[in-house]
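Engineer: Encoded as structure tokens, here's the structure I'll be asking about.
The values are calculated or read from the model by the stated rules, or taken from the named source; none is laboratory data. Predicted, not measured: the structure shown is a model, and the values here were computed from it. Cβ placement follows ideal geometry from the backbone for every residue including glycine, while neighbour counts extend to all protein chains displayed.
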Amino acid sequence: MSKTFCGGAIRLSAFATLSFALAGCAGFLPQDAPTAAAVKSNAALITQPTAPLPYVLMPANLNVMRATNSFTDGGGGVFSRLPGGNYRDVTIGVGDIVSVTVYEAQAGGLFIPREAGVRPGNFVDIPRQQVDQSGNINIPYAGAVKVAGLTPRAVSGIIRERLKDRAIDPQVVVAVAEQRGNQVSVLGEVNSPLRFPIDPGGIHLMSAIARSGGPKYPSYETRVTIKRNGGTYEESMSTVVQHPNEDALLRPGDVVYLARIPRVYMVFGSTPSPGAVGGVNNRRFTFENDQMSLAEALAKAGGLDGSRADSRSIYVLRFEPKSMLENLGLDVARFPTKTVPAAYAFDFAKPDGMFLSDTFKMRDRDVIVVSESPATEIVKAMTVLNSVTTNADNISATVAR
């Protein structure tokens, strides 16, 4: 028997021995979670796998860029459609302090005595009253008057109608001395949380936020919520700033709440390893401005890993509305949902791919995937094979001794 054959047999035997030893000691090897085999073997019921999720793959070009960026910029429409958003006249509310003054044309009427010099003027001030829980105030000779929800001018007309048959050509002036019911609240991440009455001319959302000291955080990290009549409406602060029609008129009782909710995107694939850029967790990144491009997003993640990345296969994954994809001429009737999974493909091996990435606008929760080069898989396989053969050679050398 040749020496070469004996050496090969020894290495083969050593490799088999190593394989059986590792398999037999699997329960003793350290691990931080159950293996896939353990999860499957302990399951009481295993369902059948579903079909792969269908999605649309779109190589980036100018038409695609215009369509998706237009939708990104065209957000909003929530605050501009608020019910009651055209409210302007401030009405009297429960809890308000109301003043009423009644004028008569001449003395000898209901409120002004005939005797001259008894009192100056041709008017009488009714003591100020607070609107009760029923929305009423009391006026002498007019009784309880429902004022809540009405303007001071409308209340003046009601009181005049009730007094006109008893007073001499009465004229009535109603004013809100203190507003305690027609108030709005601005809370959350503002510098000075505040509750204040609405001015007679009304107040817009941005003015209310300014009165509360403005937001604590940048607009692209701030979410605005308006609570009105049992409903809740949300927009990003950036949308309100960029679209004037979203600066809604507030109504009495509105609650405005600002919350800090940073927009984020995730990066997977052949980018620098976690910890290589800015700390231990660099797969989830926050936006740094209102409109962050794909090029900026990748740069923040450390760019591509030159030893692994396939620069021709970079993807952005997101859900797009059917209407946008239909405008591009795509048939999306097969998708049953209102939004369609979409993958945008960029080729960084060509200069136009770099230019397009700098105009592609990122959205909250976007996922960037940088594919590995096919050669990387071969290198991985060769590394594993080299490790196994090296161990086998070491074992065979030990056995040969």
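Engineer: Condition (residue is of a type in the set (A, V, I, L, M, F, W, C) and part of a helix (DSSP H, G or I)) applied to region 316-327: is it met by at least one residue? Please lay out each step first, then the result.
Structural biologist: As a first pass, look at region 316-327 and keep what is of a type in the set (A, V, I, L, M, F, W, C): 316-317, 319, 324-325.
The next check asks that each one be part of a helix (DSSP H, G or I); those that pass are 324-325.
Yes, because at least one residue in region 316-327 is of a type in the set (A, V, I, L, M, F, W, C) and part of a helix (DSSP H, G or I).
Engineer: Going by the structure shown, is D305 touching a Phe, Trp or Tyr at 6+ places or on another chain (Cβ under 9 Å) and either surrounded by 15 or more Cβ atoms within 10 Å (Cβ to Cβ) or among the basic types (K, R) (or both)?
Structural biologist: Details: touching a Phe, Trp or Tyr at 6+ places or on another chain (Cβ under 9 Å): no; either surrounded by 15 or more Cβ atoms within 10 Å (Cβ to Cβ) or among the basic types (K, R) (or both): yes.
In short, no.
Engineer: Out of the residues in region 121-136 meeting the condition of being β-branched (V, I, T) and more than 41 Å from the chain's Cα centre (by Cα), tell me which one is surrounded by the fewest Cβ atoms within 10 Å (Cβ to Cβ). Steps first, answer last, please.
Structural biologist: Restricting attention to region 121-136, the residues satisfying the condition of being β-branched (V, I, T) are 124, 126, 131.
From what is left, the residues that are more than 41 Å from the chain's Cα centre (by Cα) are 124, 126.
Numbers: V124: 17, I126: 19.
Going through the qualifying residues, I end up with V124.
Engineer: Can I ask one more? For R228, only one of the following conditions fails: (1) over 18 Å from the mean Cα position of the chain (by Cα); (2) more than 24 Å from D290 (Cβ to Cβ); (3) without any contact (Cβ under 8 Å) to a residue 40 or more places away in the chain. What is its number?
Structural biologist: Checking R228 against (1) over 18 Å from the mean Cα position of the chain (by Cα); (2) more than 24 Å from D290 (Cβ to Cβ); (3) without any contact (Cβ under 8 Å) to a residue 40 or more places away in the chain, the one that fails is (3).
Engineer: If R162 meets every condition in (1) within 52 Å of the chain's Cα centre (by Cα); (2) at pLDDT 90 or above apart from one, which number is that one?
Structural biologist: So the condition that R162 fails would be (1).
Engineer: Which condition breaks for P113 when tested against (1) touching a residue at least 40 places away in the same chain (Cβ under 8 Å); (2) more than 19 Å from I226 (Cβ to Cβ)?
Structural biologist: So P113 meets the others, but not (1).
Engineer: Restricting attention to region 224-250, which residues are part of a loop (DSSP other than H, G, I, E, B) and surrounded by fewer than 22 Cβ atoms within 10 Å (Cβ to Cβ)? Full working, then the answer.
Structural biologist: The first filter runs over region 224-250 and keeps only residues part of a loop (DSSP other than H, G, I, E, B), leaving 229-230, 243, 247-248, 250.
Across region 224-250, the qualifying residues are N229, G230, H243, D247.
Engineer: Restricting region 335-355 to residues that are more than 26 Å from the chain's Cα centre (by Cα) and more than 17 Å from F268 (Cα to Cα), which is surrounded by the most Cβ atoms within 10 Å (Cβ to Cβ)?
Structural biologist: Only one residue fits best here, namely G353.
Engineer: Follow-up. Among the residues of region 311-329, is any loosely packed, with under 12 Cβ neighbours inside 10 Å and either among the aromatic types (F, W, Y) or within 26 Å of the chain's Cα centre (by Cα) (or both)?
Structural biologist: Checked against the condition, which is being loosely packed, with under 12 Cβ neighbours inside 10 Å and either among the aromatic types (F, W, Y) or within 26 Å of the chain's Cα centre (by Cα) (or both), region 311-329 yields at least one hit.
Engineer: Here is a list: M292, M237. Which entry is closer than 30 Å to D199 by Cα and under 18 Å from the mean Cα position of the chain (by Cα)? Walk me through how you get there before you give the answer.
Structural biologist: Working: M292 fails: closer than 30 Å to D199 by Cα.
After ruling out the rest, the residue left standing is M237.
Engineer: Here is a further query. Does A51 count as modelled with pLDDT under 95, in a loop (DSSP other than H, G, I, E, B), under 21 Å from V332 (Cα atoms) and aliphatic (A, V, I, L, M)?
Structural biologist: Working: modelled with pLDDT under 95: yes; in a loop (DSSP other than H, G, I, E, B): yes; under 21 Å from V332 (Cα atoms): yes; aliphatic (A, V, I, L, M): yes.
So A51 fits the description; yes.
Engineer: Looking at the structure I just gave you, is P170 within 21 Å of G202 (Cβ to Cβ) and surrounded by 14 or more Cβ atoms within 10 Å (Cβ to Cβ)?
Structural biologist: Numbers: within 21 Å of G202 (Cβ to Cβ): no; surrounded by 14 or more Cβ atoms within 10 Å (Cβ to Cβ): yes.
No.
Engineer: Any residue that is at pLDDT 85 or above, assigned to a loop (DSSP other than H, G, I, E, B) and small (G, A, S) - is there at least one of those in region 92-114?
Structural biologist: Narrowing region 92-114 to residues at pLDDT 85 or above: 92-104.
In the following step, the residues that additionally are assigned to a loop (DSSP other than H, G, I, E, B) were identified as 92-96, 104.
Cutting the leftovers down to small (G, A, S) gives us 93, 95.
Yes, region 92-114 contains a residue that is at pLDDT 85 or above, assigned to a loop (DSSP other than H, G, I, E, B) and small (G, A, S).
Engineer: Right, here's the next one. Condition (residue is closer than 30 Å to S219 by Cα, under 39 Å from the mean Cα position of the chain (by Cα) and of a type in the set (K, R)) applied to region 182-196: is it met by at least one residue?
Structural biologist: The initial filter retains those residues of region 182-196 that are closer than 30 Å to S219 by Cα, namely 182-196.
Checking which are under 39 Å from the mean Cα position of the chain (by Cα) leaves us with 182-196.
Remaining after also requiring of a type in the set (K, R): 195.
Yes, region 182-196 has at least one match.
Engineer: Evaluate region 326-338: report whether one residue or more is of a type in the set (K, R), more than 30 Å from G74 (Cβ to Cβ) and out of contact with any Leu (no Cβ under 7 Å at 6 or more places or on another chain).
Structural biologist: Filtering region 326-338 for residues of a type in the set (K, R) gives 334, 338.
Applying the additional criterion that residues be more than 30 Å from G74 (Cβ to Cβ) yields none.
Scanning region 326-338, I find no residue that is of a type in the set (K, R), more than 30 Å from G74 (Cβ to Cβ) and out of contact with any Leu (no Cβ under 7 Å at 6 or more places or on another chain), so the answer is no.
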